[in-house]
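Here it is, the structure in full.
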Amino acid sequence: MGALQISTDKGQLDIELIHRFLSTEAYWSRGIPRATVERAIAGSLCFGGYINGRMVSFARVVTDGATFGYLADVLVLPEHRGQGYAKALMAAVMAHPQLQGLRRFSLATSDAHGLYAGFGFAAPERPQTLMEKLDPDVYTREPFRP
């Protein structure tokens, strides 16, 4: 396993790689336009994971830095999975000073419950208090205007 270097410097992010993965491989964001990815990155605390300067993992947190955080778009490139990079990325996210003392830190996942449980995430204690407005087909309908 190569040493994973993690940075929150948005200038280092490989936006093309992130967009390609999110728009074609991620089940949660298939078809997402690049402009939407760029806006999401601009409004988030982002974490890039790099091996020898090449980006292999990414995560972003939407947060007010005081009370709430939402973890989104966690990815590890397929050829780098199974080497502990997701855990290393999550450890960096959880240790970030801006994310300490949050009252609520949430995420949504269909397939990585074990990873996130290892960092203290669990099913909502009171799911009846949570609501959402979900439009899973927003990126595939015409006309989409970000």
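Helix-only estimate, please: 222 nm mean residue ellipticity of the chain, summing -39500 (n - 2.57) across DSSP H runs of length 4 or more and dividing by its residues, to the nearest 500.
After summing the helix terms and dividing by residue count, I get -6500 deg cm²/dmol.
Let me ask another. Bin width 5 Å, origin at 0, all Cα-Cα pairs of region 5-129: what percent of pairs per bin?
For region 5-129, the binned pair fractions read 2, 10, 21, 25, 22, 14, 5, 1, 0, 0 percent.
What trypsin sites (Lys or Arg not before Pro) does region 75-115 have in DSSP loop regions with at most 12 other beta carbons within 10 Å? All intermediate terms of the calculation are to be shown ahead of the outcome.
Details: sites: ARG81, LYS87, ARG103, ARG104; in loops: ARG81, ARG103.
Answer in residue order: ARG103.
Compute the FRET efficiency between LYS10 and GLU132 as 1/(1 + (r/R0)^6), taking r as their Cβ-Cβ distance and R0 = 30 Å, and round to the nearest 0.05.
0.65
Laboratory data are not the source of any read-out in this text; all were calculated from the coordinates shown. All figures in this text were calculated on a predicted structure; none of them were measured in a lab. Here Cβ is always computed from backbone atoms with ideal geometry, including for glycine, and neighbour counts include all displayed protein chains.
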